[in-house]
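Written out below as structure tokens is the structure these notes cover.
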Amino acid sequence: MTDQLQTRNRPSLFALIVILFCFAGLAAARLNQFYFFYPDSADYVLMARGLVNHLAYEQFDFPGSPPFTLRPPGMSLLLIPAALIAPYEAILAKVTVILFGILLLVLFYAYLCKLEDMTGSSTDAEQPTRRWPVLCMVLLLATNPYFLLFSTLIMSEVPFMALSLGILCLIASENEGNRKRNLILLTGLFLFLPLLRTVGIALTLALGTWAITSRQRWRYLIPVT
């Protein structure tokens, strides 16, 4: 039965790969070293290099400056690999954001498929046709001009959305076998999200409010705490 389901899902997975390649191609066509969102993008790149060279989140190009507090350090932490390979290189920093855009599309597809499976409205025999509406939604997101724009800017919006969607996927896919693993992953994500964007605190409070209303969901108070 598992082999049959994998065979049936193969066309959908192939279509998803094609969509991901199309998105990567569109994003690559927008790559350049000059287009920044001032001043955020430059700050993220500079602070990533500061974390590598000085082990401090501060404006090292202004000697004697206090620790940088205007933006949280999460985005600069994600850009550390790019800062190690190509210091002050905008292209590699933008590629980092594009990779998170691809991750977001994959998680979006997985989450929609999980929601569709949870409805139980169709039989296994109908499963191949059921994925095409999901793929259309992924395609619409992948070709959305605003999504392409923010996927090629050195900004934290796309990584934040990808990790937030990862939280939803973990909650939706939880079962008896992976409950402990998912709680560990959720804790890690909730620790990092406020460092990426401070609105992550609101997401944490929202999960806490949702979890406390049902005894079956009290385990989610662990990552919230």
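The values are calculated or read from the model by the stated rules, or taken from the named source; none is laboratory data. Please read all numbers here as calculations on a predicted model, not as lab measurements. Neighbour counts run over all protein chains shown; Cβ positions are idealised from the backbone, glycine included. Quick note on the areas: whole protein, heavy atoms, side chains included, nothing else; ligands and nucleic acids left out. Shrake-Rupley method; radii C 1.70, N 1.55, O 1.52, S 1.80 Å.
Numbers for the structure displayed
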{"read-out": "Residues with amide H under 5 Å from that of Glu58, placed H, sequence gap 5 or more", "value": "Phe68"}
{"read-out": "Derived scalar couplings ³J(HN,Hα) [the stretch 25-31; Karplus, 6.51 cos²θ - 1.76 cosθ + 1.60; whole Hz; x for Gly, Pro]", "value": "x, 5, 5, 5, 5, 9, 5"}
{"read-out": "The chain: angle of helix 200-212 to the longest principal axis, Cα-based, in degrees nearest 10", "value": "30 degrees"}
{"read-out": "Neighbour net charge for Leu183 - beta-carbon separation under 15 angstrom, K R +1, D E -1", "value": "+3"}
{"read-out": "Once exposed loop chymotrypsin sites (Phe, Trp or Tyr not before Pro) are cut out (DSSP; at most 15 other Cβ, 10 Å), longest piece of the chain", "value": "89-225"}
{"read-out": "Separation in nanometres of the label points that stand 7 Å from Cα toward Cβ, at Leu84 and Arg30", "value": "2.8 nm"}
{"read-out": "For the chain: Kirkwood Rh in Å [reciprocal of mean 1/r, alpha carbons]", "value": "19.5 Å"}
{"read-out": "Tail fraction, Cα-Cα pairs, the stretch 155-225, threshold 15 Å, whole percent", "value": "51 percent"}
{"read-out": "The stretch 91-225: C-alpha gyration tensor shape, a/c 1.5 cut-off, then a/b vs b/c", "value": "oblate"}
{"read-out": "Mean separation of Cα contacts under 8 Å (6+ apart) over length of the stretch 82-218, as relative contact order %", "value": "27 percent"}
{"read-out": "Label-point separation in nm, Asn178 to Ile222, each point 7 Å along Cα→Cβ", "value": "1.6 nm"}
{"read-out": "Mean projection area, nm², convex hull over Cα of the stretch 32-114", "value": "6.5 nm²"}
{"read-out": "Stretch gain in nm, segment Asp40-Leu149, where the contour uses 0.36 nm per residue and the Cα spacing is subtracted", "value": "37.7 nm"}
{"read-out": "Amide H contacts of Tyr88 (H built 1.01 Å from N, under 5 Å, at least 5 apart or other chain)", "value": "none"}
{"read-out": "Principal-axis tilt of helix 127-142 within the chain, Cα atoms, nearest 10 degrees", "value": "20 degrees"}
{"read-out": "Where the chain is the region considered: accessible area per residue in Å², 1.4 Å probe", "value": "55 Å²"}
{"read-out": "Accessible-area composition of the chain, carbon plus sulfur, in percent [1.4 Å probe]", "value": "69 percent"}
